[in-house]
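The values are calculated or read from the model by the stated rules, or taken from the named source; none is laboratory data. The structure presented is a predicted model; accordingly, all values stated were derived computationally and were not measured. Methodologically, a virtual Cβ is constructed for each residue, glycine included, from the backbone with ideal geometry; neighbour enumeration extends over all protein chains shown.
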Amino acid sequence: MARFIFIAGGVMSGIGKGVSCASIGRVLQSKGFSVTALKIDPYINVDAGTMDLPVHGEVFVTEDGDQCDQDMGNYERFLDENLSKENYMTTGRVYQTVINRERNLEYGGKCVEVVPHIPEEVIRRIKKAQRKQRADFCLIEIGGTVGEYQNLLFLEAARMMKLSHPKDVIFILVSYLPIPKMIGEMKTKPTQNAVKSLNMSGIQPDIILGRSPLPLDESRKRKISNFCNVAEENVISAPDIKSIYEIPINFEKENLGNQILKSFDMKARVGDLKDWEKLIRKIKNLKKIVKIGIVEKYFKEDATFLTDCYLSLIEAIKHAAWFSKRRPEIHWLSAEEYEKNSKLVQELKKFDGIIIPSNSEKGTRSLKVPVEGKIRAIEFCRENKIPFLGLCLGMQLAVVEFARNICKLKGANSTEFAQKCQVPVIDVMLEQKERLAKKNYGGTMRLGAYPCRLTSGTLSRKAYGSTLVSERHRHRYELNNEFRDILEKKGMLMAGINPERNLVEIIEIPDHPFFVAIQFHPEFKSRPLRPHPLFREFIRVCLR
């Protein structure tokens with residue numbers, strides 16, 4: 001029988017439920033169990049692809065093309081497993097399914113109600129994900145915080161599962177313990193109130209993870225235990241740390257894994273966290289750095305927007321840098337400033353390598369992206385032999401730059417930013433034109449894993465060490481094959497091709513230390529213990 005662990009948040013959001021969930025999974029894996037993880041988003045959106053990036057953060061894409069919350073990326077990186085659409089749900093997705101079933105008379109003519117039918121659909125999805133992965137443990141993170149109206153139905157689903165499987169379900173509350181500056185003392189009252197809100201939903205937490213700037217002392221643990229009706233050994237200290245990858249080690253020190261097993265009357269199998277501990281030791285001892293510049297639209301009003309939107313990219317850079325025994329130093333560079341003053345691109349010489357990532361803004365807002373500033377940066381990297389990695393939009397703009405400056409195709413552009421351009425070297429795919437004409441936007445991009453055949457003798461082929469690979473996509477625009485001949489005659493190397501549709505996936509420029517641009521998103525498949533080959537090779541060349 002599988003065991004189910006619900007993880008909810010108290011006091012406020014953004015305190016690390018996702019990485020806590022992922023870390024618990026890693027700890028249970030280390031004890032010899034198979035684990036899968038689900039994220040429940042309380043939004044009406046059917047998937048994360050149409051959500052507001054500044055609010056919601058990165059859109060993570062699974063192998064089967066589901067657009068998910070960024071916590072799904074944390075699950076994959078910590079568990080080192082590929083998850084699927086079954087591991088993600090939203091309020092909109094759940095309601096959509098129930099309504100479709102009602103329209104198909106699958107409820108046998110009954111009156112369909114919010115309770116119990118919505119929670120029952122949530123439970124069905126949870127059990128389906130567990131069966132698909134054949135997991136011993138199924139972790140379910142409920143987005144937001146307890147007490148919010150949006151979470152009530154998901155908490156009700158959790159309560160119903162506990163009622164029907166009392167020995168196979170436990171609840172973990174991740175709650176924040178503030179230390180007000182004017183007081184200088186850690187306060188437990190917000191956590192007490194969070195537990196009270198959870199109790200009002202018919203749920204009693206079995207374990208409390210106490211998030212705070214500092215470790216919880218015995219006095220605070222005892223107080224939480226007394227007032228929240230939780231065993232003292234089940235009050236776990238989760239202080240702030242420099243690297244999220246330290247969290248499983250901290251949980252193991254706090255004996256969290258064994259306490260979870262004790263709650264289920266289970267014992268650990270053979271296993272350990274030695275590989276994880278080795279990684280943390282390496283990270284802590286790194287002294288030499290590698291300086292990477294990322295050219296993007298700089299959002300002065302909220303700099304955290306960039307780190308949230310490019311979470312997987314930042315982690316992939318870290319993984320590759322650590323592999324080369326370097327500490328990554330990442331700098332955000334303003335493409336807007338390069339548009340205003342072309343001389344500013346000279347600053348790119350200060351960095352070991354430059355990355356131009358995917359478009360952080362989709363839809364009509366994409367027209368505001370400072371593409372000309374990015375194109376200037378690409379030209380400077382090409383001419384000055386600075387290692388360059390282009391991702392998705394970065395690849396498309398590298399093609400535009402090459403077409404303009406090497407092929408002398410005046411007016412070359414992408415129809416994403418110049419719909420009536422005379423030389424559309426980047427154009428929307430045919431089936432995408434039909435979808436856009438019908439305003440069919442949600443979940444209709446080229447999504448998920450597609451094969452890519454690598455050209456022999458290329459940097460990409462050398463990095464991967466194989467001829468055929470599979471990578472994840474999220475885009476509507478492609479290199480226009482009508483211009484392939486002239487691009488190749490002028491020296492652009494088509495290093496990766498999708499064999500099914502003859503689409504260009506990777507371009508390279510020879511006689512350059514590293515000029516590689518990719519249509520797909522390799523960052524989604526990077527792992528802390530298995531850095532992605534392209535990022536690994538990019539960092540290696542940066543150091544050389």
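When residue 495 is tested against the conditions (1) out of contact with any Cys (no Cβ under 7 Å at 6 or more places or on another chain); (2) surrounded by fewer than 23 Cβ atoms within 10 Å (Cβ to Cβ), the lone failure is (2).
Exactly one residue out of 53, 28, 83 is at pLDDT below 95, farther than 20 Å from residue 154 by Cα and of a type in the set (A, V, I, L, M): that is 53.
Of the helices (runs of 4 or more DSSP H) contained entirely in region 40-138, those carrying at least 1 residues that are within 14 Å of residue 524 (Cβ to Cβ) fall at 71-79. Within region 461-490, residues that are closer than 15 Å to residue 508 by Cβ reach partners that are surrounded by fewer than 21 Cβ atoms within 10 Å (Cβ to Cβ) with beta carbons closer than 6 Å, at six or more positions or on different chains, in the pairs 463/533; 464/533; 490/406; 490/407. Checking 31, 17 one by one, the residue that is under 15 Å from the mean Cα position of the chain (by Cα) and either more than 30 Å from residue 262 (Cβ to Cβ) or outside the structural domain of residue 476 (by TED's automatic domain parsing) (or both) is 17 and no other.
Taking region 394-433, which residues are assigned to a helix (DSSP H, G or I), touching a residue at least 40 places away in the same chain (Cβ under 8 Å) and over 23 Å from residue 343 (Cβ atoms)? If the condition is that a residue be assigned to a helix (DSSP H, G or I), touching a residue at least 40 places away in the same chain (Cβ under 8 Å) and over 23 Å from residue 343 (Cβ atoms), then 395, 396, 399, 403, 432 are the ones that fit. The residues in region 267-282 that are modelled with pLDDT of 95 or more and either assigned to a loop (DSSP other than H, G, I, E, B) or among the β-branched types (Val, Ile, Thr) (or both) can be counted, and the count is 1. Evaluate region 439-460: report whether one residue or more is assigned to a helix (DSSP H, G or I) and surrounded by fewer than 18 Cβ atoms within 10 Å (Cβ to Cβ). Checked region 439-460: no residue is assigned to a helix (DSSP H, G or I) and surrounded by fewer than 18 Cβ atoms within 10 Å (Cβ to Cβ). Within region 133-144, restricting attention to residues that are within 23 Å of the chain's Cα centre (by Cα) and at pLDDT 95 or above, the residue that is farthest from residue 267 (Cα to Cα) is 142. The sole residue among 286, 313, 261 that is buried (at least 21 other Cβ atoms within 10 Å of the Cβ) and either aliphatic (A, V, I, L, M) or farther than 26 Å from residue 521 by Cβ (or both) is 313. Within region 462-509, the set of residues being within 26 Å of the chain's Cα centre (by Cα) and part of a helix (DSSP H, G or I) comprises 463, 464. Only one entry of 423, 399 meets the criterion of being crowded, with 20+ Cβ neighbours inside 10 Å and at pLDDT 95 or above, and that entry is 399.
Exactly one residue among 29, 96 is in contact (Cβ under 8 Å) with a residue 40 or more places away in the chain, within 19 Å of residue 130 (Cβ to Cβ) and of a type outside the set (Lys, Arg), and that residue is 29. Would you confirm whether any residue within region 520-541 is buried (at least 22 other Cβ atoms within 10 Å of the Cβ), at pLDDT 95 or above, in a loop (DSSP other than H, G, I, E, B) and of a type in the set (A, V, I, L, M, F, W, C)? Checked against the condition, which is being buried (at least 22 other Cβ atoms within 10 Å of the Cβ), at pLDDT 95 or above, in a loop (DSSP other than H, G, I, E, B) and of a type in the set (A, V, I, L, M, F, W, C), region 520-541 yields at least one hit.
Annotation note: of 63, 58, 76, the sole residue that is surrounded by fewer than 22 Cβ atoms within 10 Å (Cβ to Cβ), under 15 Å from the mean Cα position of the chain (by Cα) and in the same structural domain as residue 162 (by TED's automatic domain parsing) is 63. Checked against (1) over 26 Å from the mean Cα position of the chain (by Cα); (2) in contact (Cβ under 8 Å) with a residue 60 or more places away in the chain, residue 248 meets all criteria but (1). Tell me yes or no: at least one residue of region 145-165 is within 22 Å of the chain's Cα centre (by Cα) and of a type in the set (D, E, K, R). Scanning region 145-165 turns up no residue that is within 22 Å of the chain's Cα centre (by Cα) and of a type in the set (D, E, K, R). Here residue 333 meets each of (1) without any contact (Cβ under 8 Å) to a residue 60 or more places away in the chain; (2) surrounded by 21 or more Cβ atoms within 10 Å (Cβ to Cβ); (3) in a helix (DSSP H, G or I) with one exception, condition (3). Only one of the listed residues (409, 393, 389) is at pLDDT 95 or above and within 12 Å of residue 477 (Cβ to Cβ). That residue is 393. Here residue 238 does not fit the description of being among the small types (Gly, Ala, Ser), closer than 17 Å to residue 263 by Cα, touching a residue at least 12 places away in the same chain (Cβ under 8 Å) and surrounded by 14 or more Cβ atoms within 10 Å (Cβ to Cβ).
Residues in region 111-124 include none that are modelled with pLDDT of 95 or more, more than 21 Å from residue 199 (Cβ to Cβ) and touching a Cys at 6+ places or on another chain (Cβ under 6 Å). Taken residue by residue, region 300-319 has no member that is at pLDDT 95 or above, in a loop (DSSP other than H, G, I, E, B) and out of contact with any Asp or Glu (no Cβ under 6 Å at 6 or more places or on another chain).
So, in region 366-393, exactly how many residues are more than 21 Å from residue 535 (Cβ to Cβ), under 28 Å from the mean Cα position of the chain (by Cα) and assigned to a loop (DSSP other than H, G, I, E, B)? The total comes to 2.
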